[in-house]
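The values are calculated or read from the model by the stated rules, or taken from the named source; none is laboratory data. The model shown is predicted, which means the values in this text are computed figures rather than measured ones. We place every Cβ from the backbone using ideal geometry, glycine too, and count neighbours over all the protein chains shown.
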Amino acid sequence: MTSDSNRPTPTIFPAMKYRDGQAAIDWLEAAFGFTRHAVHDAPDGTVAHAELALGDDGMIMLGGEPRTPDPDNPWATAKLGLYVHVADIDAHYERAKAAGAVIVRALADTPYGSREYSCRDPDGHLWSFGTYHPRRA
């Protein structure tokens, strides 16, 4: 596939949690051909966050289950969710709140330079919205 610089990049990324993040990364590379775009370890030795690429524009995010889950982080126990890049995160947050989204992590700046929040939809699915974009980081 030829890369086209005028083609828009994806803004929605599936995010998964695995019991053993490193084993999952190894398996996803071997079985499906993913390549490591970024891997960040947690202080406890687990994979805190990883981004795996597939082809020119496919990407997933994943992490390992932390040994001690953070009760303030909904991603610490979620098995699957979506991360969505949005440009005007403050307006997006206010819109979601006004529509009744259940905010599980308030809008805040992160140590890695994003501004983001997490919420649940009416069926309880986990969504995170923010300014971070893995292809532009």
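Would you confirm whether or not the range 46-54 contains a residue that is modelled with pLDDT of 85 or more, of a type outside the set (A, V, I, L, M) and touching a Ser or Thr at 6+ places or on another chain (Cβ under 8 Å)?
No - not one qualifying residue is present in the range 46-54.
Just give me the residues in the range 1-16 being at pLDDT below 90 and within 26 Å of ASN73 (Cβ to Cβ), in sequence order.
Matches in the range 1-16: PRO10 only.
In this structure, does HIS37 turn out to be modelled with pLDDT of 85 or more, touching a Gly at 6+ places or on another chain (Cβ under 6 Å) and closer than 20 Å to ARG136 by Cβ?
In short, no.
Here's the yes/no breakdown for (1) in contact with an Asp or Glu (Cβ under 9 Å, 6 or more places away or on another chain); (2) under 24 Å from ALA106 (Cα atoms); (3) touching a residue at least 12 places away in the same chain (Cβ under 8 Å); (4) not small (Gly, Ala, Ser):
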| site | (1), (2), (3), (4) |
| --- | --- |
| ALA15 | no, yes, yes, no |
| GLU29 | no, no, yes, yes |
| THR46 | yes, no, yes, yes |
| ASP70 | no, yes, no, yes |
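Go through the range 76-109 and count every residue that is among the charged types (D, E, K, R) and under 18 Å from THR11 (Cα atoms).
The qualifying residues number 2.
Quick one: what pairs do we get from the range 120-137, first residue assigned to a loop (DSSP other than H, G, I, E, B), second at pLDDT 95 or above and hydrophobic (A, V, I, L, M, F, W, C), C-beta under 6 Å, 6+ apart or different chains?
THR131/ILE89
Looking at this structure, is SER128 of a type in the set (S, T, N, Q) and more than 18 Å from MET16 (Cα to Cα)?
Here the answer is no, as SER128 does not meet what is asked.
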